[in-house]
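Encoded as C-alpha cells, the structure appears first; notes follow it.
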Amino acid sequence: MTGTGITIGEAAALSGVSAKMIRHYERIGLIAPPLRGETNNYRFYDAALVHELGFIHRSRDLGFSIADIRALLSLWRDRNRPSREVRAIAVAHIAALDAKVTALQAMSAQLRHLVHSCEGSDRPDCPILDELASPGD
C-alpha cells in the first residue's frame, strides 16, 4: 500500500474513538485490521472503517457491552438482517440498565440515610464508618 486513507490520529478525531481504543478494537477483532503502509507500516483507515468506529463510539455511549456491539455490528453489516434481532439486543440492554438504576437508587437511599444519621461534628462517633466496618450480609 502506498499510504492512501487516513492515519489513526485522523480516524480517532473523526470517529470520537481514541487511538488506543482503535488499536484495542483491532486487537480483539471488533474491527478489521486496517491497511498498512508499505514503507512505514502505519495504519491507514478508509471511510468505511471510520464509519464503523463511529458506530462503536455511539454504541459505547449508550452503554452497550463489547459482546453486544459485536452482535450489533454484525447485524448492521448484514443488509438482510431481521430488525427483531437488533430490537432484542436493545430491549435486553434496557432491562440491564433499569436494573443498574434500581441498584444505584438503593445505594443512594442507604447512603442518604447514613449521612442523615451522622452528626458531622467534632465527635468521633460516625454511623457511616460503623456501617462500612460492620460485617456484610
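At 222 nm, what helix-only mean residue ellipticity would the chain give, in deg cm²/dmol to the nearest 500, using -39500 (n - 2.57) for each DSSP H run of four or more?
It comes out at -20500 deg cm²/dmol, rounded to the nearest 500.
Could you give me the radius of gyration and the Dmax of the chain, taking only the C-alpha atoms into account and expressing both in angstrom?
Answer for the chain, Rg first and Dmax second: 23.2, 72 Å.
Using only the alpha-carbon atoms of the range 1-63 as identical scatterers, what base-10 log of I(q)/I(0) does the Debye formula give at q = 0.15, 0.21 Å⁻¹?
-0.40, -0.76
Can you compute the equivalent ellipsoid semi-axes for the range 92-131, i.e. the square root of 5 times each eigenvalue of the Cα gyration tensor, sorted largest first and rounded to whole Å?
32, 7, 5
Along the Cα→Cβ direction, 7 angstrom out, place labels at N41 and L62. What is the inter-label distance in nm?
Rounded to a tenth, the inter-label distance reads 3.8 nm.
List every DSSP H helix in the chain whose Cα atoms extend 20 Å or more along the helix's own long axis and whose mean Kyte-Doolittle hydropathy is at least 0.0.
Helices passing the filter in the chain: 83-117.
Since every read-out is calculated from the coordinates, none of them should be taken as a lab result. These numbers were taken from a predicted model, which means no experiment stands behind them. Neighbour counts are summed over all protein chains in view; Cβ atoms, including those assigned to glycine, are modelled from backbone coordinates with ideal geometry.
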